[in-house]
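Notes follow once the structure below has been shown.
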């Protein structure tokens with residue numbers, strides 16, 4: 001392998017694992033002014049070291065999955081079976097997940113501000129509505145988590161704090177760090193390209209070290225001149241430093257080694273590979289603590305239950321069923337390197353959800369289901385979540401929320417899922433950053449909804 005092969009082109013970088021889009025677009029580096037909101041004191045739980053966010057990108061039909069409501073549009077072969085007092089699960093769609101569903105708490109009362117994919121997926125990644133006037137400076141929530149986790153990083157932590165898989169396939173792509181330094185950017189991995197990579201042989205490592213020494217000497221010689229370029233050049237320096245540490249850490253190529261039999265067990269597809277790599281990266285305990293998995297393709301306005309269609313819910317539910325089941329099995333039985341008395345699931349909060357739901361009742365005139373943001377469910381597991389809980393409820397059609405599932409009368413929103421994740425990692429989600437480029441205060445969780453203030457509590461009922 002040539003050293004030139006080690007540093008990919010821009011196109012190859014996006015295919016294998018690139019920084020978040022426009023990660024170094026903003027100008028200027030300045031000390032961030034972080035402050036807790038004294039009017040809204042919170043107590044983070046700190047019950048998790050890691051988070052896996054499994055995004056069902058494009059939206060699963062909630063009334064045929066986690067909030068089953070047989071209706072005029074449901075296929076006759078779904079075979080709903082009772083799992084507990086208030087949970088019916090399709091044996092046809094989720095035959096494997098039946099064995100793991102009791103590890104989850106299910107919240108059925110979520111509501112979204114958004115009802116189109118780009119805005120909905122931007123909302124999922126940032127925890128706030130898209131405002132074009134400020135979008136350039138808004139960081140992805142994973143980047144905020146990376147900022148907060150930076151002080152906890154150990155000398156041996158070479159993996160990025162925030163990683164994702166297949167976000168390039170989502171409608172919004174992998175979002176940038178906004179006003180945060182590029183060092184907190186996501187490293188987004190294309191799972192198909194990643195497993196084709198090769199480990200470096202000794203000669204390549206030696207040659208890379210020679211080139212790295214030369215590059216370091218050149219950077220030292222030109223440090224004064226380069227510093228005038230500010231954030232942009234600092235971003236490149238951070239990227240190369242991170243890449244060098246990764247390429248010389250034996251744990252990095254090991255994390256991308258997948259046996260044929262486990263690839264088959266996870267489904268032998270992109271989402272299955274993403275789940276294996278997420279498991280491997282957390283098991284390595286090398287610095288990554290927030291992983292965003294994107295499972296794309298769920299936007300079935302047309303032929304949602306037509307097996308002959310190029311894409312349909314039967315196919316994608318089968319992918320989810322196999323990949324998520326295997327991931328939960330392995331997280332449960334893999335011991336933590338940080339604390340061998342715990343499993344990876346004990347110290348990892350797993351969140352599974354779409355950006356919204358799909359329309360209920362009869363199918364549309366194209367035999368599909370459209371977007372629906374009035375209520376939709378999410379799954380939560382691990383890190384102290386009360387397994388088997390069913391929170392919130394909808395009416396007989398799955399169209400109207402009849403029980404919010406927590407201590408508020410308002411339905412929980414993605415802001416509350418975000419607060420729950422921050423809390424799990426021990427992050428004070430009431431914090432604000434007050435010296436943004438626009439001088440507009442950036443709250444970690446935005447209390448301003450589309451029509452007034454909304455609660456920004458964590459979803460504490462998941463734990464009680």
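The values are calculated or read from the model by the stated rules, or taken from the named source; none is laboratory data. Bear in mind the structure is a predicted one, so any value in this text is a computation, not a measurement. So basically every Cβ, Gly included, is an ideal-geometry build from the backbone, and we count neighbours across all protein chains shown.
For the reader, a short list of remarks on this structure follows.
- Restricting region 408-429 to residues that are part of a loop (DSSP other than H, G, I, E, B) and touching a strand residue (DSSP E or B) at 6+ places or on another chain (Cβ under 8 Å), the residue that is farthest from residue 110 (Cα to Cα): 425
- Strands (runs of 3 or more DSSP E) contained entirely in region 313-407, each with at least 3 residues that are under 30 Å from residue 45 (Cα atoms) and out of contact with any strand residue (DSSP E or B) (no Cβ under 8 Å at 6 or more places or on another chain): none
- Of all the criteria given as (1) touching a residue at least 60 places away in the same chain (Cβ under 8 Å); (2) closer than 23 Å to residue 356 by Cα; (3) not in a helix (DSSP H, G or I), the one not satisfied by residue 177 is (2).
- Selection within region 256-268 - buried (at least 19 other Cβ atoms within 10 Å of the Cβ) and free of Cβ contacts under 8 Å to residues at least 60 places away in the same chain: 267
- Residue check, residue 321 over 25 Å from residue 74 (Cα atoms) and in contact with a helix residue (DSSP H, G or I) (Cβ under 7 Å, 6 or more places away or on another chain): no
- When region 395-444 is limited to residues that are at positive phi and in contact (Cβ under 8 Å) with a residue 40 or more places away in the chain, the one that is farthest from the chain's Cα centre (by Cα) turns out to be 398.
- Any hit, region 127-135, residues being in contact with a helix residue (DSSP H, G or I) (Cβ under 8 Å, 6 or more places away or on another chain), surrounded by 24 or more Cβ atoms within 10 Å (Cβ to Cβ) and in a loop (DSSP other than H, G, I, E, B): yes
- Scanning region 168-223 for residues that are farther than 24 Å from residue 52 by Cα and modelled with pLDDT of 90 or more gives a single hit, 179.
- You will find that of 415, 432, the residue that is surrounded by 19 or more Cβ atoms within 10 Å (Cβ to Cβ) and out of contact with any helix residue (DSSP H, G or I) (no Cβ under 6 Å at 6 or more places or on another chain) is 415 and no other.
- Checklist (1) assigned to a loop (DSSP other than H, G, I, E, B); (2) over 21 Å from residue 129 (Cα atoms); (3) at pLDDT 95 or above applied to residue 464, failing item: (3)
- Residue within region 159-171 that is part of a helix (DSSP H, G or I) and out of contact with any strand residue (DSSP E or B) (no Cβ under 7 Å at 6 or more places or on another chain) present: no
- Against the conditions (1) over 25 Å from the mean Cα position of the chain (by Cα); (2) modelled with pLDDT under 95, residue 305 satisfies every one except (2).
- Counting residues in region 445-462 that are touching a residue at least 40 places away in the same chain (Cβ under 8 Å), surrounded by fewer than 21 Cβ atoms within 10 Å (Cβ to Cβ) and closer than 17 Å to residue 106 by Cα gives one or more.
- Residue count for region 255-291 satisfying the condition of being in a loop (DSSP other than H, G, I, E, B) and either touching a helix residue (DSSP H, G or I) at 6+ places or on another chain (Cβ under 6 Å) or under 12 Å from residue 192 (Cα atoms) (or both): 8.
- Out of 86, 131, sole residue that is without any contact (Cβ under 8 Å) to a residue 40 or more places away in the chain and under 27 Å from residue 418 (Cβ atoms): 131
- Of all the criteria given as (1) buried (at least 21 other Cβ atoms within 10 Å of the Cβ); (2) touching a residue at least 60 places away in the same chain (Cβ under 8 Å), the one not satisfied by residue 296 is (1).
- Qualifying residue in region 391-408 (condition: touching a helix residue (DSSP H, G or I) at 6+ places or on another chain (Cβ under 8 Å) and surrounded by fewer than 16 Cβ atoms within 10 Å (Cβ to Cβ)): yes
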